[in-house]
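So the structure is just underneath, and the comments pick up after that.
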Amino acid sequence: MRAKNDIAARPAVTMRRFGRAGVALFAILILCAWLAGCEKDPPKPDDGDHPTAQANSKDPHWVYPPASPPARVAVVFIHGLFGDTDGTWTDQKSGHSFFEYVKAAPGIGEQVDIFAFGFTSKMAGGGSLDIREASNKLYDHLRFHGLMQYDTIVFVAHSMGGLVAMRTVIGNPELSDKTPLMVLYATPQEGSQIAQIGKLLIPNNALGQMTPADANDYLKQLSDDWVRLKARGRAPFVECAYETKATFKTMIVPWSSATRFCDAVAPGIGDADHLSIVKPDRPQHDAVIRFVVSMQEHVLPRLQATSWETPNFTDEDRHWVYSLGKVTDRNPAVLKNASKVRQRYEIAGIADSSLLILPALEPGKPRELPPGQSETLQFVVLGDLRPEYRFDLKLSSLPARTVLVRIPNLPAAQAERDAQQALFAQKIRDFIAAPEQVERFKRLPEAQTQAAIAGFAKSTLAQRLPGLNEGGQWLLASDALARINFLDSAAAAMGEAKTRLPAAIKQPSVEQLDQAIRLRSNERADNERADNERADRVSTSLPRPIDERDAPTLETQKRQTVPRNARQQAVYLDLAEQAQKIDTLKREGLVLEGDVLNARGDRSAAAAAYRDAGAIRPSPIVTRKLEAVSVDRDR
């Protein structure tokens, strides 16, 4: 406290001794050193009241530009108030720069491309940028120079440059996703008494933003925004370093202000004042070591395969292979972030239209895992079984790997699914045949009947697969109902899935299932039905009606519904007969009966069932089924 009071008292003493001009010269001498690439020689006054100072004249630029292919990490250097794009980071005696030592650091240099950002900041005249304006300029240049194409961006900032970096990350979520680390050297995170002096003497808005935080609304807001970002797990890890030597007998940014937002113990940089702290003169300089150690701990793990544990995948050539044990179960695959930093993963390029992957991730939106935590992927097959499915898995900044999901024994898997589907059909049959349900369905509007069956199907699957999330349960219910030709109920279940798991709707397997249900049921969307559904408050999401011209061929839309096993076929036929006893389910029962009879080879009886179903409500698919059995019968 005494040191701060001494600094605060110093302006008054100086004012009495030297007058206004002397105070201005003294303050500007100190301010010139603050974040600057200026010389330590005192500035010479011009004809007016303000001394001359050369403004930063160098545009932002690549110091070590990307090759082909680019490095894995972009490191962005940001100078501070009155600083210089290159000079801030260059030792004038040796002629070497911070950039050079980073590029030469073993294990680091080959992993990074280096960009130097600069902004206009003058002691005299207009045109200087404050923190907000410099932040906006920084984001523009990150996009203009292609830095946003990198998976990993690291900011290295001096003094006010650290506040610019923080504001930029706060304001741009896509940037915070890419930024695991920020290294701040002598950044006035709680402001500085020197800025309090400077703002009275020099017309520069940035000075007012760096006065002590207790009376500085800008820094208070910045602090609040950063705390919120950190609470959401979106803030990068902040490493700091502070000056240990006074500049012109004044500690520009004291320890308390330089360490406010640090996530680790901040080292002092030996024999460094505010100006020399980022002008290393050798590879072993404390500032360089601070950066290298921070990169090793918080960035390099994102580039190493060993930072992830994938116990359920096996390596095969250039692929990972997952063996799908039970096609009727949720098949788990663990991803563990084994590093000490937060990392992201992304599911991309799902090449197959039958594989559902949960948790459902929207394309281009990675999911984050904190250090040491795991996530369990679940693989579920919607649609017909195939020997192999594939998708791309991107772990942090590692190259994407293709994952092959294989069914080791396809005939056995098909038999297992047929058995489970027959068991499901039996449960639906028992549900709709219960006397209380028969009476209930007589009173309910059609939409509520379908919703009730969809809800029962979902609860049945929830009991069998308790670890599956609710949205996944609704999707499986939709798929299972479609297999027994309860298409309106399947559509109701799909509507619930869309509400609870909207990201999954973009997966090919769900898109195909949704389209198949709509095409096969030819859902009606006339005003009467819409009015009934609104009145009944049924939570369904019905898409537009499908025109017959949109319907693909029967072969491309065929989904296997009837098992080959005669005993299981009998269960399906029993369900079909029971459904026909309920007016709102009669059409679905007739279609299912036609499918069973067709599977048994009784083409004439199948054709009669399809004709009766079409008479209740025509649809392109029923018409095509009728045409197919008629052609087969005539041969």
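What follows draws every value from the coordinates through simple rules; no lab data is involved. Note that the structure is predicted; figures quoted are calculated from it, not measured. Quick reminder, even Gly has a Cβ in these numbers, built from the backbone with ideal geometry, and neighbours come from all protein chains shown.
Some values worked out for this structure:
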item	result
Calculated FRET efficiency for the pair T120/R143, C-beta based, R₀ 22 Å, to 0.05	0.70
Förster-model FRET efficiency, 51 Å R0, A246 and E375, C-beta, rounded to 0.05	0.50
Gain on full stretching of the segment that runs from S323 to K58 - 0.36 nm per residue minus C-alpha separation	89.7 nm
Relative exposure of K336, K498, judged by other C-beta atoms within 10 Å (fewest first)	K336, K498
Label point distance in nm, K581-E439, each placed 7 Å from Cα along Cα→Cβ	1.5
Where Rh is the Kirkwood radius over Cα pairs, Rg/Rh for region 102-162	1.04
Inter-site label distance for A400 and A570 at 7 Å from Cα along Cβ, in nm	5.1
Percent of Cα pairs exceeding the 23 Å cut-off, where the set is region 208-360	60
Computed lengthening from R464 to F431, 0.36 nm per intervening residue step minus Cα-Cα distance	10.2 nm
Simple spin-label estimate for A615 and K340 in nanometres, 7 Å along Cα-Cβ	7.8
Taking M148, M160, M295 and counting other C-beta atoms within 10 Å, the order from fewest to most	M148, M295, M160
